[in-house]
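The values are calculated or read from the model by the stated rules, or taken from the named source; none is laboratory data. If you're wondering where the values come from, they're calculated on a predicted model, not measured in any experiment. Cβ placement follows ideal geometry from the backbone for every residue including glycine, while neighbour counts extend to all protein chains displayed. Note: areas computed on protein heavy atoms with side chains; ligands, DNA, RNA excluded. Shrake-Rupley method; radii C 1.70, N 1.55, O 1.52, S 1.80 Å.
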Amino acid sequence: MSSEDRRLDVLRAIIEDYVATREPVGSRALSERHQLGVSPATIRNDMAALEEAGLIVQPHTSAGRVPTDMGYRQFVDRLAEVKPLSLPERRAISALLEQAVDLDDVIDRAVRLLAQLTQQVAVVQYPSLRRSSLRHVELVPVGARHLLVVIITTTGRVEQRTLELTEDLDEALVARLRVRLNVALSGLRLAELSKALESLVTELSPAGAALVRVVVAAVSETLAQESEERVVVAGTANLARTAGADFSRTIGPVLEALEEQVVLLRLLAEMAEDHTAVAVRIGRETQHAGLAETSFVTSGYGGEGSGVARVGAVGPLRMDYPGTMAAVRAVARYLTRILAG
């Protein structure tokens, strides 16, 4: 084993002990708790090298060391793969999410489940209409001059609007329009719908032009209004429950940052650009002062690549990265599977 690999083993051991004990880690503790295969003197030398490299630091006058942001980053980047959750954990996720009755219920269950699995703050972003596609448009007459327009997206979102018309409905025309709408629009993204809707108006007969324009306007306006992105947060009490002395003083700024949807949405959008199965922002990498003492682990769900939305967990720098990454990835995968069904 090279000296670099050995030092990375020491770094891993320091992080594991610090996560478990919340106390600075000394060379004697490492020698006693871990089978590193070297003498305590060698461990001290390795710790000195890690400190010189900026991967660990000595807090106050303690004899022990704690990881730095750079140390955590080195550790996360060196994880060969995200360990899978246990079979009982996977079954629990599947059972809970598959009982959901609609998208709101799915999101609510997912965020509470992830907070419970990680014992941290869970964040789930609603699927954005900007990134999802249209699955189906349903037109339902609900009276002589009222028409219910139901819009269903590929991510399970359902939006609806009731239109009041100036003339009695021709149900045969409504049926034809329903077919034409779904043939023309199914599978299109929000950005692609405007041109397709305009083309549809010109293709249909003048007799139904007025109805077509009203329905097309309703579809366009509803999608535009509902494209606003939002996130759901759960488990903020976990911050106080799991905080050590090194983190408790920063809880206030963290909670304030988590309440700002724009902060979370910016971070989620940036992390979606990573194109990795699980993205991690550590400490100051979040570029937000209130989150400087936290790490944010996210994964995309609901589609190919980085997905149409993200799910994640926020906790102290001293978090169980392998366990958190596994839980986030597992919940994201189940969300994708359920929304696809």
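Key figures for this structure:
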item: Single residue of Val101, Val137, Val150, Val158 found to be without any contact (Cβ under 8 Å) to a residue 40 or more places away in the chain and within 25 Å of Leu200 (Cβ to Cβ); result: Val150
item: Positions within segment 69-81 being of a type outside the set (Gly, Ala, Ser) and open to solvent by less than 30 Å² (accessible area, probe 1.4 Å), in sequence order; result: Tyr72, Phe75, Val76
item: Residue within segment 176-195 that is part of a helix (DSSP H, G or I) and either touching a Gly at 6+ places or on another chain (Cβ under 6 Å) or among the β-branched types (Val, Ile, Thr) (or both) present; result: yes
item: Filter result for the condition that a residue is at pLDDT 80 or above and out of contact with any strand residue (DSSP E or B) (no Cβ under 9 Å at 6 or more places or on another chain), over Arg180, Arg161; result: Arg180
item: Some residue of segment 34-48 being small (Gly, Ala, Ser), at pLDDT 90 or above and more than 36 Å from the chain's Cα centre (by Cα); result: yes
item: First in segment 267-287 and open to solvent by 30 Å² or more (accessible area, probe 1.4 Å), second anywhere and of a type in the set (D, E, K, R), Cβ under 7 Å, 6 or more apart; result: Ala277/Arg329; Arg284/Asp69
item: Residue within segment 83-101 that is of a type in the set (Lys, Arg), assigned to a helix (DSSP H, G or I) and open to solvent by 70 Å² or more (accessible area, probe 1.4 Å) present; result: yes
item: Residue match in segment 45-54 (condition: assigned to a loop (DSSP other than H, G, I, E, B), in contact with a Leu (Cβ under 7 Å, 6 or more places away or on another chain), touching a residue at least 12 places away in the same chain (Cβ under 8 Å) and not charged (D, E, K, R)); result: no
